[in-house]
Every structure is written in C-alpha cells, then in structure tokens.
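Q: The following block contains the structure, expressed as structure tokens.
What follows is calculated from the coordinates using simple rules that are stated; it is not laboratory data. Note that this is a predicted model, so its numbers are computed, not measured. Here the Cβ is made from the backbone with ideal geometry for all residues, glycine too, and neighbour counts use every protein chain on show.
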Amino acid sequence: MTNQPDPRRSAESISTEIGLELSYFTDESERNFLPLGLPVGYLLLQWFAEGLVMGVGATASEPLTDKVAVAVKGLRTRVGRLFSRRGGTPQADARAEEELAIDTKEALDVARPQLGGSSGDELTRAAEAYEQALVGYLTGEGMPAVDAVRIAQRVRSEAGIQLRLGW
Amino acid sequence: MMEEPRILTKEETLAVWRLRAIQEVFLTAGCLRVFDRPAGELREAYRVADAEDPHRLSKLIGKYVKRGNGYVRVLGNGEGGAFAELPDGVTPGEVVDDLDFSEATPLQDRLRELSRTLREAAPEDSGIEQLAGAVQAILEACRPENEQERFDQVREWANTEVLGADGPGDVQDMIDRAYQFFERVGIYAKELQRGFSADGSTIAAMLAIRAIVLARAELADDREYEMDALIESILYLAPGSSERIEPIATGLAARMVRLGYQEAVRQGAESLKAEGDGLIVKALNGESLTYYQALYPAAAYELGAVRVGQAAASATQDPDERRRWAKLAVNAEERAVRVSTALGFALQNLDGSGIAHHVLWLRRVREEKGDDVARLKALDLVENQLFYPRALLPVLLNEADPSD
C-alpha cells in the first residue's frame, strides 16, 4: 500500500469496471471507442471530485439538487466532447488521455484540502447525490440499472480512495 | 530448475491430438453458427483471404469491391462506403468482383474435411468416432430449410400443447400450459445451441420471445391479464405466416411497445443482456481449456437483446426512449460481435501462434512504454476483445510461473 495518490490506478479501475459498457457513453454509430476507456475513467473521477466540492458547498439558495443537475449537464457535454473528435488517431487518443490525467490530478489536489474540513454527513450526502446522479445519467443513456449502479459505486469508491475519504 | 522436456507416450500424443480435434470442431462449428451460416461463412472467407494475402485490401484503396448485391468502396483509412449501385462515372477498371465470397463455404468445407480425417485417423477409437458423428450431425443441420424446421417445431408445440390441447381450458389451465411451453422453448434453444443445430439468430429469437413474454406475464396484475399476456403472444407466433422466427420476435417486441408494454419489453431485453453479460464474465473467470466453449452461448442472448432493442427503438414514439433502446441494442451487438471475433481468432490460432504473438507484442510495449501500459493492453485483449480468459493474463504478461 502506498500513501501517494495514484489517480491513474483509480482511472484504470473505473475503466475496467466500465469495460464493454463503454458504448453507452457514445453515439450509436461510434465504434472505435476502446482507446477511450482510460480517459473516461479519468473524466468520471474528475467529475465526481469536482462534484463533491460543489456539493458540500450547497446552500439553501443554491441547493444540492440544482448543483447536481448542472453537473450532469456538464458531464454530458464533456463526454460528448471526448467522443465527438472525428478521425480519432492513436496520437489524439493519447493526447486526450494525457490532458484528462493532468486535469484529474489538479481536481483531486484542489478537492483534498477543501473537503478536509467538511463534516462526514455533508460529504456522505453530496457523495450519494452525485452517485445517484451518475446512475441516472447512465440509465438515461440506455444502460441497464444494475450496470449503472455498479459503475457509479466504483467511481464513488475510487474518488474516496484518491481523496482519502472514508465512506 | 526447469525439468527437461520429455517425449510424450503414444497415448499422450493421441490424447493431445483428440483434444485439439475437439477444439477445432467446436471452434469451426461455433464460427459457423454464432450468428448465422451465411455471415459465418463470409467472415471466414475474408479471414482466409486476408491470411493468404495480408495486403489485399490495401491494394484495393479507391476501388469498388462487389459484395452481395452491391459494392463497397474501400477507403484509405481502413473504412469503406456501401453502394447499392455503382455511382455515375465509375470505370470498369475501378470495379473488383473477384472478392465475391457469397457462395463460399469455408467452414462447412473444414468440417467435412475434419469428419473425413477423424474417421480415417482413429477408426477403432469410440471417442473419435463419436466426435465424427457429431460433426456429421452439424453438417446435416446446415440444410437450407433447417431454420424453418426449428421454428416449425416451436409452432407445433404452441398449437398442440397450448392452443389445441385437451383440458379444462380455464385460466389456470391455460397459464400452466403456456409456462410449460415457454420452459420447453428455453430447453430446446439450449439443446440447439449445444449441438450447433441452429443458427445463433434463430436461437436468439426463441430466447427473445420467451424473455419478453414471460416479463409481460410477470408484470400482469391478475391471473386473467397473466393469461392474456401469455396466450396472446402464443397466438402471435403460432400461425404459419412466416418461415423464420426472427421477424416474429421483432414483430412481437414492437407490438408490445406499441401496446404500452414497454416496461415488460425493457425487462425482457435486460434479462437477456444480463444472461449474456453473465456468461461472458463466467467464461472470463473460468478454465482456460474450456474458455471458448463457455463464451459461445453468450452470443445468442446478446443477439436476442439486439433484436428486442432494435424492434423497440423502431416502435417507440419517444425520441429519448428510442435513443436508449438503440444504445442497449448497440451494446449487446458489440458484445455479440466480440464473442464471434474471439471465436474466429481462436480458430485461426489453434497452434498457439496467436498468444505467442501477443506475448511478444506486450513485451515490446513494456520495453517501450512501461509496465502500466503493457498491463492495460493485456487487459484490453482479455476484458474488451475477449480473446483470452483472465487466467491467461500472467502468461500474456510473461509473469506466469514456468512450473504452472
């Protein structure tokens, strides 16, 4: 066991959990998506970490449900952007992976101190809301609920490992 | 210290030969039946042609290749465009028709050759004799009318054992008969699959009908509705209006969606997918020696989900629902294709050259890009491409104990 954060390991773990469900993230005509497994792993990890930071900052005037709704829209846009590149080459895929790896590391580094001072209840509430939102997003894309739940749980658990949160 | 390799005894050599023969029969028949015979033969014809001339497609860039009733224009990036007719201005020099494999039957030819070899090689061996008999039965089931006969059998059961059967004919009696019928269809589908006696598409249609009708019955509020759900569907498939069962399955799914039973159709499609996905996972976690045998049945369940998903997508009026159905169908199709590709890969690499090639390639990846990248590539070959079971990951990554 290492104490060093290892976002790549978590992104790989999410990517493995997604496995062949990757097709739900993309338009039905897209086929050459396998190189994007790891980038999607990073993307979900980053999205969840950013969501938690937003979620624990929810207030009466800006409730958690509103923040989650905005985050889901953002997720749809980001996923769309990742898959919509045309004529994807191995170099383009590698670049996307590299960029997302950097962004994810940054998001985790920003989130860690911010979440450090939050209460356990607040964190759990935010984590549950974002996990549920991810399930909703995935089932909305046609994925059977059982697979959506499995993937969302993995994302939450890996985010917890990288942010050193115990849930 | 590694032990010195020893010479195999005659019995051991025969056992290895027998094992390889069983594997070859299974994989050839699997490639033939995983979707349907014409598709299986065509894919194999392309594989054989590619193996004989690996650069054949690159020689055709920009040409119009005759395929079936139309043409495919081969593009430089490995993609192709389909044309029903040749576009205006295409010259005869741009058209290639010697790649038309629509009449080729390389898989059935291979099975015939295997049958002959098996009978010649071990006439005194009852196990081999039995295997040769099984090959013969597979070949006999390749008659053009085979798929219709399989559907006729299902229809006959529907007519004689449910609709026209003697009995009280009350609600409970009809429900019981209907469930017995669907149980029989389920067992029949598995028998056909085990014996390679029907195409994957025929078996998938049987499984699909069974799944969506049982889901609708399960969601019925009372016994009357339950009976209606079961009997209406049996009435839909029993008449002899179609030669094939596939349009009956898609027609039934579309009709159910139009009548408002979308939830039942979704439940049926997801149960098919869950079964197919589960079989893939079970195969991945299982023995290396029986990996492809365990993987093969998954394709029919996935194909069943494809048929239901596509039919529901075309029947629903809701654009969001249509998109969700289409995605479910695409995912199931993707899995079915990967199962089929894995079987084709295994058939081409019966001598172990495929894994040797992958081990060397992964070693090169590790040297050039490091352990993590090599491990991900190996995982991709297993988890996504379905080429190998998980037990072979250490072998692929050269981490296996030589004594294993």
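Q: Sort A:44-52, A:122-130 for me by packing, meaning the mean count of neighbouring Cβ atoms within 10 Å per residue, highest on top.
A: Details: A:44-52: 26.8, A:122-130: 19.0.
Ranking, from highest mean packing down: A:44-52, A:122-130.
Q: Between B:Asp170 and A:Gln132, take the C-beta separation as r, use R0 = 45 Å, and let me know the FRET efficiency to the nearest 0.05.
A: Efficiency computed from Cβ-Cβ geometry: 0.45.
Q: Going by alpha carbons, how many degrees (0 to 90, nearest 10) lie between the helix axis of B:126-140 and the longest principal axis of chain B?
A: Between helix and principal axis, roughly 60 degrees.
Q: Would you please give the residues with an amide H less than 5 Å from that of B:Arg67, counting only those at least 5 places away or on a separate chain, with H modeled from the backbone geometry?
A: B:Val72
Q: Now for a separate question. Tell me the angle of helix B:10-33 to the major Cα principal axis of chain B, expressed in degrees between 0 and 90 and rounded to the nearest ten.
A: Once rounded, one gets 50 degrees.
Q: Using just the helices of the protein assembly as shown, give the 222 nm mean residue ellipticity in deg cm²/dmol: DSSP H runs with n ≥ 4 each add -39,500 (n - 2.57), and the total is spread over all residues, rounded to 500.
A: For the protein assembly as shown, the value works out to -22500 deg cm²/dmol.
Q: Tell me the label-point distance for the pair B:Thr160, B:Glu11, using the 7 Å Cα-to-Cβ offset, in nm and rounded to one decimal.
A: Here the answer is 4.8 nm between the modelled labels.
Q: Could you work out how far helix A:145-163 tilts from the main Cα principal axis of chain A, as a 0 to 90 degree angle to the nearest 10?
A: Relative to chain A, helix A:145-163 is tipped by roughly 60 degrees.
Q: Here is a follow-up. Starting from 0.36 nm per residue, how many nanometres of slack lie between B:Val48 and B:Glu145 once their C-alpha separation is accounted for? Don't skip to the end; give the middle numbers.
A: Numbers: separation 97, 0.36 × 97 = 34.92 nm, distance 2.72 nm.
Roughly 32.2 nm would be gained on extension.
Q: What ³J(HN,Hα) values, in whole Hz, does the Karplus curve 6.51 cos²θ - 1.76 cosθ + 1.60 give for the stretch B:307-312 when θ = phi - 60°, with x put for Gly and Pro?
A: 4, 5, x, 5, 5, 5
Q: Say R0 is 30 Å: what FRET efficiency, to the nearest 0.05, do B:Val395 and B:Thr117 get from their beta-carbon distance? Write out the running numbers ahead of the final one.
A: On the way: r = 29 Å, r/R0 = 0.98.
After rounding, the FRET efficiency stands at 0.55.
Q: Which FRET efficiency value, to the nearest 0.05, is calculated for B:Ser58 and B:Glu94 with the Förster distance at 22 angstrom and r the Cβ-Cβ distance?
A: On the way: r = 16 Å, r/R0 = 0.73.
That gives a FRET efficiency of 0.85.
Q: Sketch the reach of a paramagnetic label on B:Ala137 as a point 7 Å from Cα along Cα-to-Cβ, and name the residues of the stretch B:288-312 whose backbone nitrogen lies under 19 Å away.
A: Inside the label zone: B:293-294, B:296-297.
Q: Averaged over A:65-76, how many beta carbons belonging to a partner chain fall within 10 Å of each residue's beta carbon?
A: Details: counts 0, 0, 0, 0, 0, 0, 0, 0, 0, 0, 0, 0.
Counting Cβ atoms of other protein chains within 10 Å of each residue's Cβ and averaging gives 0.
Q: Any idea what the relative contact order of chain B is, in percent, if you count C-alpha pairs under 8 Å spaced at least 6 apart? Walk me through the numbers on the way to the answer.
A: Working: 514 pairs, mean separation 57.3, N = 404.
Here the relative contact order equals 14 percent.
Q: While we're looking at this one, here's another question. If the only charges are +1 at each Lys and Arg Cβ and -1 at each Asp and Glu Cβ, what is the size of the charge dipole of the stretch A:7-163 around the Cα centre, to the nearest 20 debye?
A: Its charge dipole is roughly 180 debye.
Q: Shifting gears a bit: Select from A:Leu52, B:Ala332, B:Gln180 the residue farthest towards the positive end of the dipole of the protein assembly as shown; place +1 on Cβ of Lys and Arg, -1 on Cβ of Asp and Glu, and compute about the Cα centre.
A: With unit charges placed on the Cβ atoms, the residue in question is A:Leu52.
Q: Can you sort B:Lys377, B:Lys10, B:Lys273, A:Lys67 so the residue with the fewest Cβ neighbours within 10 Å comes first?
A: Ranking B:Lys377, B:Lys10, B:Lys273, A:Lys67 by Cβ neighbours within 10 Å, fewest first, gives B:Lys10, B:Lys377, A:Lys67, B:Lys273.
Q: If you take the square roots of the eigenvalues of the alpha-carbon gyration tensor of chain A and sort them as a ≥ b ≥ c, do you get rounded (a/c under 1.5), prolate (a/b over b/c) or oblate? Display every interim value, and only then the final one.
A: Values: a/c = 1.78, a/b = 1.38, b/c = 1.28.
Prolate.
Q: Counting alpha carbon pairs within less than 8 Å and at least 6 residues apart, what relative contact order, in whole percent, applies to the stretch B:57-98?
A: Over the stretch B:57-98, the number comes to 39 percent.
Q: Which net charge results for the neighbourhood of B:Arg47, defined as the other residues with beta-carbon distances under 14 angstrom from its beta-carbon, given Lys and Arg at +1 and Asp and Glu at -1?
A: Working: positive: B:Arg43, B:Arg56, B:Arg110; negative: B:Glu41, B:Glu44, B:Asp50, B:Glu52, B:Asp53, B:Asp109.
In short, -3.
Q: Mean separation of Cα pairs under 8 Å and 6+ residues apart, divided by the residue count of the stretch B:351-404: what relative contact order is that in percent?
A: 35
Q: Taking the protein assembly as shown, how many lysine pairs are there with alpha carbons less than 23 Å apart, if each pair must be eight or more places apart or span two chains?
A: Qualifying lysine pairs in the protein assembly as shown: 11.
Q: According to a simple spin-label model (label point 7 Å from Cα along Cα-to-Cβ), what is the distance in nm between A:Gln114 and B:Glu232?
A: With each label point 7 Å from Cα toward Cβ, the separation is 5.3 nm.
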